[in-house]
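Q: Handing you a structure now.
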Amino acid sequence: MTSSSSVDNKPAIETRRISPPNIGEAYLGERILCYRPMKHGSPNLSVVQEGGKVIAHNYGHGGSGWTLGPGSAKYVNSLLINSDFGAELSNKSTPIAIIGAGLIGLFTAYDLINRGFSNITIYAEQLKTLPSHYAGGLLAPVSMDNDHAMQAIIDEIGIEAYRFYDGIANNQNADFKKGARKVPSYFSSRDDSGLEPYVGKVMGPAKDVILDFGNGTTRAMVVYDDGVFMNTALLMEELHTFMKRHHIEIIQQKIHSFNELNQRFIFNCSGLGSRELANDPALVPVQGHLIMLKNQIPENMNYMILVYFGEGKTEMDQKVERSFYLFPKHLPDSSPQDIGVMGGTFIEGGSPDKPNLKEFDTIVQGAKTFFGLS
Ligand SMILES: Cc1cc2nc3c(=O)[nH]c(=O)nc-3n(C[C@H](O)[C@H](O)[C@H](O)COP(=O)(O)OP(=O)(O)OC[C@H]3O[C@@H](n4cnc5c(N)ncnc54)[C@H](O)[C@@H]3O)c2cc1C
């Protein structure tokens, strides 16, 4: 790290040297296509009564499910416990159903268990290869819909979640031995990060820096040195280990209607499934493309970057918001050199029948442009 000197008494801007990752064909691993569950307006965090059932909805977090997950679970669980129905839950062995075993369903169970509830059953159509496993891992409340009226709550939830991951990163969480670490997070601007509401509460202020890629290319960026990388695959493992330790039954089953379940209290954490299950047309799938990296130099991968490139059209004529991001994701069973995930695309209404596969090449091109590689 160096600092450039200043002639007009403005604070000197630090220059940081970053070695770009290897992104030649031999260094590209699995190409992943997956779908963010995004509810227009904001995630559905609410408690409603439907016939004889009490439904606590917790879905629609878009590209920020991991950023918000632990806080969102705590918020919705408190909403139910403090509601008119809360008295019925004073008996901690009241039967509770959770629909969904993505991060939202599992964090919901985690928080309920920590509050002493013991009679929890999770129902999930799918347990593996979920968006929750594939997600990149940047802690930043971006790539979602933020209704102005909900912003203060979303900030509060995100700050709560930051504290949770900070505890894991600092080895202070007895339940999670791994899954989060602190790394510098670089963005084009403070606004692009969504993290300004966290500054002064849980994070330090961002700094202006120049990134020097050692090949003649430099970029003016801002950095939060206390950024959090969430290793989503490892965190899913830790959550499942916790469920096993607490003998929580996970039943693989698609639920078609809340009335199918015997339990009166139901947490709906079904992500994209809520479009049907909660009859919610405001919930849309947002397609994302990711490329895993392999054979990297791990010491060179201790940072995260997110820059936006703007809007375009895919080869299937769908609107796409393109960005370039890079996070140090490492899958549990891979070689220590197989580290890094690159993205990304944001294609609202994207579906598996329109995979927009050329976007993978566009991501690689975006990475080359960003780092000044030929
Ligand atoms: C490309 C990409 C990159 C991302 N990167 C990040 C990131 O860097 N940071 C971040 O914070 N977030 C990121 N996300 C967002 C994050 O992955 C999602 O917000 C999160 O996974 C949503 O979790 P979930 O539990 O709601 O849904 P899911 O993981 O989809 O889980 C839903 C669960 O509900 C079950 N289900 C659905 N319908 C039914 C039904 N009818 N009956 C029974 N079970 C049902 C499913 O089988 C599954 O078990 C990213 C997402 C994508 C796609």
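Q: Give me the one-decimal nm value for the distance between modelled label points at residue 153 and residue 177, 7 Å along each residue's Cα-to-Cβ direction.
A: 3.8 nm
Q: Rounding to the nearest 20 debye, state how big the charge dipole of the stretch 293-336 is about its Cα centre with +1 on each Lys and Arg Cβ and -1 on each Asp and Glu Cβ.
A: 40 debye
Q: While we're here: Kindly flag which residue pairs out of 178/244; 74/178; 201/329 have an alpha-carbon separation exceeding 24 Å in this structure.
A: Numbers: 178/244 17 Å; 74/178 21 Å; 201/329 27 Å.
Cα-Cα > 24 Å for 201/329; rest within.
Q: Once you compute Rg and the Kirkwood Rh from C-alpha atoms, what is the Rg to Rh ratio for the stretch 80-218?
A: 1.04
Q: In Å and from the alpha-carbon atoms only, list the Rg and Dmax of the chain.
A: When restricted to Cα atoms, the chain yields Rg and Dmax of 21.1, 72 Å.
Q: Of the options 253, 270, 300, report the single residue whose Cα projects farthest towards the positive end of the charge dipole of the stretch 212-343 (beta-carbon charges: Lys, Arg +1; Asp, Glu -1).
A: 253
Q: Using Cα springs under 10 Å in a Gaussian network model of the chain, which residue among 166, 191, 147 shows the largest mean-square fluctuation?
A: Among 166, 191, 147, the largest GNM mean-square fluctuation belongs to 191.
Q: Give, rounded to the nearest 20 debye, the magnitude of the charge dipole that the chain has about its Cα centre when Lys and Arg contribute +1 at Cβ and Asp and Glu contribute -1 at Cβ.
A: Charge dipole of the chain: 580 debye, to the nearest 20.
Q: Where is the GNM fluctuation largest for the chain (alpha-carbon springs, 10 angstrom cutoff): 138, 235, 130?
A: So, out of 138, 235, 130, the one fluctuating most is 130.
Q: Cross-link candidates for residue 182: which aspartates and glutamates have Cα within less than 13 Å, leaving aside residues fewer than 8 places away along the same chain?
A: Reachable aspartates and glutamates: 166, 225, 226.
Q: As a test of the formula, what do you get for the chain when each DSSP H run with n ≥ 4 contributes -39,500 (n - 2.57) and the sum is divided by the residue count, at 222 nm and rounded to the nearest 500 deg cm²/dmol?
A: On the way: 8 runs with 88 residues, N = 374.
Here the helix-only value at 222 nm equals -7000 deg cm²/dmol.
Q: So if I take the centroid of the Cα atoms in the stretch 329-346 and the same for the stretch 30-85, what is the distance between those two points in Å?
A: 27 Å
Q: Could you tell me which of the pairs 92/254; 10/207; 128/254 are separated by over 18 angstrom between their Cα atoms in the structure shown? Mind dumping the intermediate values first?
A: Numbers: 92/254 26 Å; 10/207 13 Å; 128/254 14 Å.
Violating the 18 Å limit, Cα to Cα: 92/254.
Q: Could you name the lysines in cross-link range of residue 319, using Cα to Cα under 22 Å and dropping any fewer than eight places away on the same chain?
A: Filter leaves 39, 354, 358.
Q: Let me ask something else about it. Which stretch or stretches of the stretch 26-68 have amide N atoms under 18 Å from the point lying 7 Å from residue 351's Cα along the Cα→Cβ direction?
A: Zone members listed by number: 33-40.
Q: Could you give the nm distance between label points at residue 210 and residue 259, where each point is 7 Å from its Cα heading toward the beta carbon?
A: Between residue 210 and residue 259, the simple spin-label model gives 6.8 nm.
Q: Something else: Once the Cα atoms of helix 103-114 and of the chain are each reduced to a long axis, what angle between those two axes, in degrees from 0 to 90 to the nearest 10, is obtained?
A: Orientation of helix 103-114: about 60 degrees from the principal axis.
Just so you know, all these numbers are worked out from the coordinates, no wet-lab data involved. Quick caveat: nothing in here was measured; it's all calculated off a predicted structure. We place every Cβ from the backbone using ideal geometry, glycine too, and count neighbours over all the protein chains shown.
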